[in-house]
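The values are calculated or read from the model by the stated rules, or taken from the named source; none is laboratory data. Being a predicted model, the structure only gives us computed values, none of them experimental. Cβ placement follows ideal geometry from the backbone for every residue including glycine, while neighbour counts extend to all protein chains displayed.
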């Protein structure tokens with residue numbers, strides 16, 4: 001192999017590595033499994049996620065995120081909606097959700113007023129409270145507790161499949 005060809009190959013390899021690093025942080029495909037986020041997502045839906053939001057601490061209320069949990073001894077990456085942010089007061093009573101003493105209206109839930117539980121807690125400085133949109137079939141912070149900021153892996157930014165339902169989240 002001559003010197004010019006070697007230079008071209010090295011250049012192409014470096015470009016591919018840089019592109020892979022950029023894509024790793026900006027956009028990454030993820031397959032939805034399970035019913036905990038219905039009607040927003042259902043099993044088989046495909047989304048693009050961005051790790052940038054998690055790294056730059058850009059997560060906000062109602063963002064849909066990927067987070068890592070250890071549930072029943074298994075490490076899992078799950079999809080949930082951010083309901084509570086650090087230092088928030090979370091109350092669940094009478095099948096309703098309150099954040100900082102305000103009733104939260106949740107048009108995205110599969111069944112309105114279906115947030116079962118008896119919760120009254122104040123989140124710590126690095127904690128987030130996450131719930132599934134299909135509250136009757138969701139293992140979420142009501143079960144495993146608040147998640148830490150470091151457990152947030154990425155934010156869902158685009159539903160791209162099925163193609164008839166493409167939309168930004």
* To do: Please indicate, with yes or no, whether at least one residue in segment 120-127 is assigned to a loop (DSSP other than H, G, I, E, B), more than 30 Å from residue 20 (Cα to Cα) and without any contact (Cβ under 8 Å) to a residue 24 or more places away in the chain.
  => no
* Structure fact -> Scanning segment 53-85 for residues that are more than 18 Å from residue 134 (Cβ to Cβ), surrounded by 14 or more Cβ atoms within 10 Å (Cβ to Cβ), touching a helix residue (DSSP H, G or I) at 6+ places or on another chain (Cβ under 9 Å) and modelled with pLDDT of 90 or more gives 59, 68, 84
* **Conditions (1) surrounded by fewer than 21 Cβ atoms within 10 Å (Cβ to Cβ); (2) farther than 30 Å from residue 164 by Cα: number failed by residue 50** => (2)
